[in-house]
Amino acid sequence: MNSDKLRLMGTCILSFSIFCLVTVLVYVGYEINTVITEIRPLVKERESGKSLVSDIASEIVNLRYSIHDVVVTVDQAKAEIESIDQNITPLIHEIESVRRDMPVLIDRTEKLMVTDVPDLLLRAEQLIADIEKAGERAGKGAVKGAVKGTIGLPVNTGIGILSSPAKIFKKKENSDQKMK
């Protein structure tokens, strides 16, 4: 179906390009007719004795340049059409390849959605539950540590201050006994 659309699009582009070429040729014909209608009065004036040969020659030279420009434009249009045709052909083959592979990819995706996604969701739910439990334990431990540290620090400091003279005295007694 997509290849038909691409072929239709290619046909439309080719038809449009041909239409453009025909338009250019019609325009050239119109310009030639215009030049001819302009030249006729000049020829009549020449017949009446006036010398306009140099003006006619310059008009003919200009016409030659115009025709050359039109031919160059037509050649460029033809080259672009060929380039478009060369680019469309591989694209059509690629699209057909993707179209052939699409049912297999859809089947695989459906199977993954049916089998793997529920397992992944269960694992995610279990992970979330485990993380919530760990967060609760960490929160309780943090509260317990903060309370213990707040209450225990002054008590431990007081005990340390009060026991320091006793420790010094005990060390002195031990050293006196060793000396004896």
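With the convex hull drawn over the C-alpha atoms of segment 32-118, the volume per residue is 126 Å³. Rolling a 1.4 Å probe over the protein heavy atoms leaves residue 7 with an accessible area of roughly 120 Å². With a simple spin-label model that places each label point 7 Å from the Cα along the Cα-to-Cβ direction, the separation between residue 4 and residue 57 comes to 6.5 nm.
For the peptides 32-42, 110-120, the ranking by mean Cβ contacts within 10 Å, running from highest to lowest, is 32-42, 110-120.
The accessible area of residue 12, taken with all protein chains in place and a 1.4 Å probe, comes to roughly 80 Å². The simple spin-label model puts a point 7 Å past each Cα toward its Cβ; for residue 129 and residue 33 those points are separated by 8.8 nm.
Here the extension length gained between residue 107 and residue 71 equals 7.5 nm, from 0.36 nm per residue of separation less the Cα-Cα distance. Across segment 113-130, rounded Karplus estimates of 3J(HN,Hα) from the backbone phi angles (6.51 cos²θ - 1.76 cosθ + 1.60, θ = phi - 60°) give 5, 7, 9, 7, 5, x, 4, 5, 5, 4, 4, 5, 5, 5, 4, 4, 5, 4 Hz, Gly and Pro being marked x.
Phi-derived couplings, Karplus 6.51 cos²θ - 1.76 cosθ + 1.60 at θ = phi - 60°, listed residue by residue for segment 8-19: 4, 5, x, 5, 5, 5, 5, 4, 5, 5, 5, 4 Hz, with x used for Gly and Pro.
Within the shell defined by Cβ-Cβ distances under 12 Å, the residues around residue 71 carry a net charge of 0, with Lys and Arg each +1 and Asp and Glu each -1. Straight-line reach from residue 5: taking Cα to Cα under 13 Å and skipping same-chain neighbours fewer than 8 places apart, the aspartates and glutamates in range are 96.
The values are calculated or read from the model by the stated rules, or taken from the named source; none is laboratory data. Source: prediction; values computed, not measured. Note that we place each Cβ from the backbone using ideal geometry, even for glycine, and neighbour counts take in every protein chain shown. Just so you know, the surface numbers come from the protein's heavy atoms only, side chains and all, with ligands and any DNA or RNA stripped out. Shrake-Rupley method; radii C 1.70, N 1.55, O 1.52, S 1.80 Å.
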